[in-house]
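**Q** Let me begin by handing over the structure; questions about it come next.
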Amino acid sequence: MPITKMHWLLDAFGQNVLGWILFGGGLVAIYTVLYAIWSKLTGYELLGAICTFASGWIFVAVLWLQRRSAKLVIHEAKWGIGDARYRDVTVILRGYLKENAINVPVTNETFQGDPYAGVRKHLIVRYSYGRSGNKEIIRHETDQLILPEREDRASSIFVGTRFESARAADDQQQLHEKENRRAIRDQIAALINEGNGIKAACGAATTPEAEAENAANLWAQNALNYLDSIEASYSARFNASSGPSYAGVGQGTKGNVWNYVNRRVQTLTQLLQELRD
């Protein structure tokens, strides 16, 4: 049997030692029955072999029935930007429940609207699966929402359906998140390079002060808009960078402009380091 076809057994048993022992006993029982046929054991020996065989596969049958009984229940789902600024999307998310699983992109299209245009949103989901208690997870915009999660399936004897496709979906989500982080890092690196270019221009005697100020203002606004689309806390950190306030950039000398940009380049560098894989 191919390894991929045994995913449901691996997920179902997980770390259940007793389950593995009984399953192994079932395999031994098969060998015993075949041996009995060839060796012509006595009636009692044959009866014992049959009972051993039956007990092992009855367990497998019960396990199969139990895994089908696990239900994914969505208790609440909220789509928004934090604090009390959320839109209830519980009914919408329940509509994506198919074959006891959900696999959807976290986007405005999925949740049928953009309640806070221009700001990166996140999804909060409270759900339960099988005998497990309620869990709450957060997925950010452009992530992939996959329920039940891998640990839900692996930690319980009650397992959902289509384990092979669910495992592949988990791997796909991890790849998507990695690629998304790489794209964010590339964009932040580009903002850092642009900021360093403005600093260099501030140090050049031929650069008019108004030109340096305008370039810094435009750069800072573009950086602020991008960071806000990723995570509100990123833009807050960018704004809170020590140095002249954003409103005061146009009132200082090129030295003040250089200082303003330099402080925010340092903040972007810190964010870039935090986003490393």
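Bear in mind that the values in this text are calculations on the coordinates, not laboratory data. Every value quoted in this text rests on a predicted model; they were computed, and no experiment measured them. Glycine gets a Cβ as well: all are built from the backbone with ideal geometry, and neighbour counts include every protein chain shown.
**Q** For the range 73-119, which GluC sites (Glu not before Pro) are both in a DSSP coil and crowded by at most 13 other Cβ atoms within 10 Å?
**A** Sites meeting the loop and neighbour criteria: Glu99, Glu109.
**Q** Excluding Ser229 itself, what net charge comes from residues whose Cβ is under 13 Å from its Cβ, given Lys and Arg +1 and Asp and Glu -1?
**A** Local charge sum for Ser229: -2.
**Q** Principal axis extents for the range 180-274, Cα atoms only, whole Å, descending order, please.
**A** Largest first, the range 180-274 extends 40, 21, 17 Å along its Cα principal axes.
**Q** What number, in nm² with one decimal, is the all-direction average of the projected area of the convex hull of the alpha-carbon atoms of the range 72-161?
**A** Average of the hull's projected areas for the range 72-161 equals 5.6 nm².
**Q** Could you list, in their original order, any pairs among Lys121/Lys254; Lys98/Lys135; Lys135/Lys178 whose Cα atoms are separated by more than 31 Å?
**A** Flagged as over cut-off: Lys121/Lys254.
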